[in-house]
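A.B. asks: I have a structure here, written as structure tokens, and I will follow up with some questions on it.
Taken together, the values in this text are just the output of simple stated rules run on the coordinates, not laboratory data. Being a predicted model, the structure only gives us computed values, none of them experimental. A quick note on method: Cβ atoms are made from the backbone with ideal geometry, for glycine too, and the neighbour counts reach across all protein chains shown.
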């Protein structure tokens, strides 16, 4: 390579204007460092240039921007404060100018044939944050004027670099927090343990580019860690050996309940070699309800690959991973119990059928239709009609979280609670609050119910509605479908909750249609939802027909839409229609607490 040439001298004022422009136009660290390099080039036409930033905790200078250095050196190169020309500049807080590095014992060779070097510290707020370093292949190349001007430039640039560092860290932290939140939300929605573990591996890679990944779970006696899922260079492998709690790095993480970060496993006596290529390792305990349930283990072939930032991220995510794993294990256990109880499910379905109304209520001014199709043999949806005095009727439609036997049992509990409160003939909002309180007293983790309760007054043709989390019902009047904005918190999650009531005076021919989310969420082979728009379309087409015909049309359309796809959720529809006779005034509605 040719000699480094000195640029013609530029007025200091012009140079400082360039510096000010850099500080004012970017907060991106890479952009700021690149533009610092461009400004320096206006002073010295370098071939070998670097900006090293200081890690205050380790007191090491690390390459952050460079020109002319071998990539393998800058990737792994670290310079301790006080070592070499660069480290001396950081320690002394003064520029260091070397005319001939071959005669200076402090010089650390990184590029062949270097003869002179100029290192200038970056100082802001009385703190050294890094060093600008320039090297040349000619002895005595740098001058005192270079030192003076570069020191002036560095003093101005340091604040901009620190601001860019802060902005970069803040932006990165915000992205990481958003990603952690997104990952946590996704993990809690996966209930199959094998699928969950595979997805954990995929999502963790979005945070850390590991090469080896394992999840080990504590066995039933709580004495050993068993490999449950492992990847080696993106290939799924099966490891059968067990590791006692307290042995090896993963055993140490489980025993101490703390993350174990090892930059070089060859220097850690606890390490048990399972892959000879491993150099660095990060083992993070998975803790659920103060109990260690497993360990998440990451490995890499590069020494010092995992950082304290990686450790903090994984400790944050580990809590959500532990919850997701326990939820999936609980779900698996429930499924095992369901399989054992399969022979009893036919009887259970018959019993559930007996809990549902055996006939529809007969009202002078109201037609009623309802249908329930469980996703499995039995399900967690429910509907009921509860007679009140003075020609009034309580109408119930509900959807319990989950499906199968647990949901059906919870639905039976809810039905019993509703019936127990019915003798005092509460209004809809009062009934929802009462059921919520009763469920809160009998709280079952992970169980809740979404419920619509309505009261029909047959004499005055009024309907009062309150909702606790079911899809918003549809009110058909005047030839239009109106979606009623009745919403509320599901029952059984919170000790206290208030619910809104909506009251409607209905005319002959007008309808209300209530449905569970199993109707809206039914999918076809392409994954398309049945959706509210299809429900509204069917209601519009069948508005003049009897309500039992309308209900059958909805279920027929849902079945055709999801043909060939396993039904995932229970499906329930309840429809009521004011019998046509004499005309009424326009319906009115009002909301009250």
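A.B. asks: Between residue 273 and residue 565, take the C-beta separation as r, use R0 = 35 Å, and let me know the FRET efficiency to the nearest 0.05.
C.D. replies: After rounding, the FRET efficiency stands at 0.15.
A.B. asks: Need one number: the % of Cα-Cα pairs in the range 5-171 sitting beyond the 30 Å mark.
C.D. replies: In whole percent, the long-distance tail amounts to 9.
A.B. asks: Here is a follow-up. Expressed as a whole number of Å, what is the distance separating the alpha-carbon centroids of the range 358-405 and the range 199-271?
C.D. replies: That distance is 51 Å.
A.B. asks: Turning to a different aspect of this structure: With label points built 7 Å along Cα→Cβ from the Cα atoms of residue 425 and residue 228, find their separation and express it in nm.
C.D. replies: About 5.5 nm separates the two model spin labels.
A.B. asks: In what order do 453, 410 fall by count of nearby beta-carbon atoms within 10 Å, going from fewest to most?
C.D. replies: The most exposed by this proxy come first: 410, 453.
A.B. asks: Could you tell me which of rounded, prolate or oblate describes the range 182-254, using a ≥ b ≥ c as the square roots of the eigenvalues of the alpha-carbon gyration tensor, with rounded for a/c under 1.5 and, failing that, prolate when a/b is larger than b/c and oblate otherwise?
C.D. replies: prolate
A.B. asks: How compact is the range 463-593 by the rule of thumb for globular proteins, expressed as Cα Rg over 2.2 N^0.38 Å?
C.D. replies: Against the empirical 2.2 N^0.38 Å value, I get 1.14 for the range 463-593.
A.B. asks: Please give the helix 29-41 orientation as an angle from the longest Cα principal axis of the chain, in degrees from 0 to 90, rounded to the nearest 10.
C.D. replies: Roughly 20 degrees, rounded to the nearest 10.
A.B. asks: In terms of the Cα gyration tensor, with a ≥ b ≥ c the square roots of its eigenvalues, is the range 215-288 rounded because a/c is under 1.5, prolate because a/b exceeds b/c, or oblate?
C.D. replies: oblate
A.B. asks: Please order 281, 332, 501 by the number of other Cβ within 10 Å, starting at the fewest.
C.D. replies: In order of increasing Cβ crowding within 10 Å: 332, 501, 281.
A.B. asks: Taking only C-alpha pairs under 8 Å that are 6+ residues apart, what is the relative contact order of the chain in percent?
C.D. replies: With pairs under 8 Å counted, the relative contact order is 8 percent.
A.B. asks: How far is the Cα center of the range 293-344 from the Cα center of the range 554-574, in Å?
C.D. replies: 34
A.B. asks: Defining a contact as two alpha carbons under 8 Å apart and six or more residues distant in sequence, what relative contact order in percent does the range 426-541 show?
C.D. replies: Normalised by residue count, the contact order of the range 426-541 is 27 percent.
A.B. asks: Let me ask another. Over the Cα atoms of the chain, each weighted equally, I'd like the Debye log10 I(q)/I(0) at q = 0.11 Å⁻¹, rounded to two decimals.
C.D. replies: The Debye formula, applied to the Cα set alone, gives -1.01.
A.B. asks: Decide, for the range 189-339, between rounded, prolate and oblate: order the square roots of the alpha carbon gyration tensor eigenvalues as a ≥ b ≥ c, take rounded if a/c falls under 1.5, and otherwise choose prolate if a/b is larger than b/c, else oblate.
C.D. replies: prolate
A.B. asks: Would you calculate a helix-derived [θ] at 222 nm for the chain, using -39,500 (n - 2.57) for each DSSP H run of n ≥ 4 and dividing by the full residue count, to the nearest 500?
C.D. replies: -12000 deg cm²/dmol
A.B. asks: Compute the acute angle (0 to 90°) between the alpha-carbon long axis of helix 428-441 and the principal axis of greatest extent of the alpha-carbon atoms of the chain; round to the nearest 10°.
C.D. replies: 60
A.B. asks: How far is helix 404-421 tilted off the main Cα axis of the chain, in degrees rounded to 10, range 0 to 90?
C.D. replies: With rounding to tens, the tilt is 60 degrees.
A.B. asks: If contacts are Cα pairs under 8 angstrom and at least 6 residues apart, what is the relative contact order of the range 5-171 in percent?
C.D. replies: 24
A.B. asks: Using label points projected 7 Å from each Cα along Cα→Cβ, tell me how many nm separate residue 440 and residue 57, to one decimal.
C.D. replies: About 4.3 nm, to one decimal.
A.B. asks: Sort 570, 517 so that the residue with the fewest other Cβ atoms within 10 Å of its own Cβ comes first and the one with the most comes last.
C.D. replies: Arranged by neighbour count, lowest to highest, 570, 517 become 517, 570.
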